[in-house]
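Only one structure is covered here, and it is reproduced in the block below.
The values are calculated or read from the model by the stated rules, or taken from the named source; none is laboratory data. Everything numeric in this text was worked out from a predicted model, so none of it was measured. A quick note on method: Cβ atoms are made from the backbone with ideal geometry, for glycine too, and the neighbour counts reach across all protein chains shown. Remember, those area values only see protein heavy atoms, side chains included, never the ligands or the DNA or RNA. Shrake-Rupley method; radii C 1.70, N 1.55, O 1.52, S 1.80 Å.
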Amino acid sequence: MGYTTHYAPDQIGNNLLRALRAEDWEILRPMLEEWSAPTGTILHHPGDTVRCAYFPRGSSLISYLVVLQDGRAIETALVGREGAIGGIVSQGRLPAHARAEVQLGGSFFRTELHHLEQAKMRSQTLRHLFARYADCMMAQVFQSVACNAAHSIEQRTAKWLLAAIERTGSPDVALTQEQLSATLGVGRTYLSRIIHDLRGRGVIETRRGRIGVRDVDGLRALACECNAAVSSHFDDVLQGVYPSEFAFGK
């Protein structure tokens, strides 16, 4: 691991960083450390002081999960190559409200928050870009609250799988049914029936520790409108940051 030297745009692996102006990238680049983590790594727990910002690269995913008193952890936001977590717009180190956990391990950039603050102090356009990204993250959380209250488990399952494959660019998600049921906050037995039905329709296939999407259009037809709404807001606020194509569909 070490701090970055030189990266071509197609090697950065994070769309939010790729959206930076060249001069802003040059400010931030020396402050970014290459870092990797396996699935399940906890970046911070509720109440922890947030010390770093993380930028997922490639197929890496991070979940924000709200931890309830009974121990359940319900996902409120999924972050991949379109974004970042941890102190993007806040000033200084603040206590975390939710748990941040690596949902799909891989490569990341990270930077300590005092370095990020130094970069933002040097560039107004950098501050504005990250503020717009925070608006997009808030929209995702708002949509998640509405989705959990209004939509069926089947719709939410299809939506989550769509969001995951868009962010990773792969039709296969390294995830067990037990992990997905916990993420969605539903019973394992109930989710198993949903997965069985999706598999019977030829929309997905399951292997040990993986869920593969075989019919993206079929999955999209079953999903609620929430993922499309979040994607549309990203396009309005940060055009080109939210992944718009599946790598396996090119």
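Would you be able to say whether some residue in segment 187-209 is under 23 Å from the mean Cα position of the chain (by Cα), of a type in the set (S, T, N, Q) and assigned to a helix (DSSP H, G or I)? No: zero hits. Would you please name the residue that is modelled with the highest pLDDT, looking only at residues in segment 175-184 that are of a type outside the set (Ser, Thr, Tyr) and open to solvent by less than 30 Å² (accessible area, probe 1.4 Å)? The selected residue is 180.
Every residue, every condition in (1) in contact with a helix residue (DSSP H, G or I) (Cβ under 9 Å, 6 or more places away or on another chain); (2) part of a strand (DSSP E or B), yes or no:
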{"position": "53", "(1), (2)": "yes, yes"}
{"position": "76", "(1), (2)": "yes, yes"}
{"position": "101", "(1), (2)": "no, yes"}
{"position": "107", "(1), (2)": "no, yes"}
{"position": "116", "(1), (2)": "yes, no"}
{"position": "128", "(1), (2)": "no, no"}
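Screening the candidates 162, 198 for the property of being over 16 Å from residue 39 (Cβ atoms), touching a Leu at 6+ places or on another chain (Cβ under 7 Å) and surrounded by 15 or more Cβ atoms within 10 Å (Cβ to Cβ) yields one hit, 162. Restricting attention to segment 34-72 and to residues that are more than 30 Å from residue 235 (Cβ to Cβ) and among the charged types (D, E, K, R), the residue that is least open to solvent (accessible area, probe 1.4 Å) turns out to be 48. Looking at the structure I just gave you, is residue 107 over 19 Å from residue 22 (Cα atoms), surrounded by fewer than 20 Cβ atoms within 10 Å (Cβ to Cβ) and either modelled with pLDDT of 95 or more or aromatic (Phe, Trp, Tyr) (or both)? Yes. Looking at (1) within 17 Å of residue 33 (Cβ to Cβ); (2) basic (Lys, Arg); (3) free of Cβ contacts under 8 Å to residues at least 40 places away in the same chain, which is the only condition residue 120 fails? It fails just one condition, (1). Selection of segment 210-238 for residues being open to solvent by 30 Å² or more (accessible area, probe 1.4 Å) and assigned to a loop (DSSP other than H, G, I, E, B) yields 214, 215, 225. Confirm whether residue 180 is within 24 Å of residue 102 (Cα to Cα), touching a residue at least 60 places away in the same chain (Cβ under 8 Å), touching a helix residue (DSSP H, G or I) at 6+ places or on another chain (Cβ under 7 Å) and in a helix (DSSP H, G or I). Against the criterion (within 24 Å of residue 102 (Cα to Cα), touching a residue at least 60 places away in the same chain (Cβ under 8 Å), touching a helix residue (DSSP H, G or I) at 6+ places or on another chain (Cβ under 7 Å) and in a helix (DSSP H, G or I)), residue 180 does not qualify.
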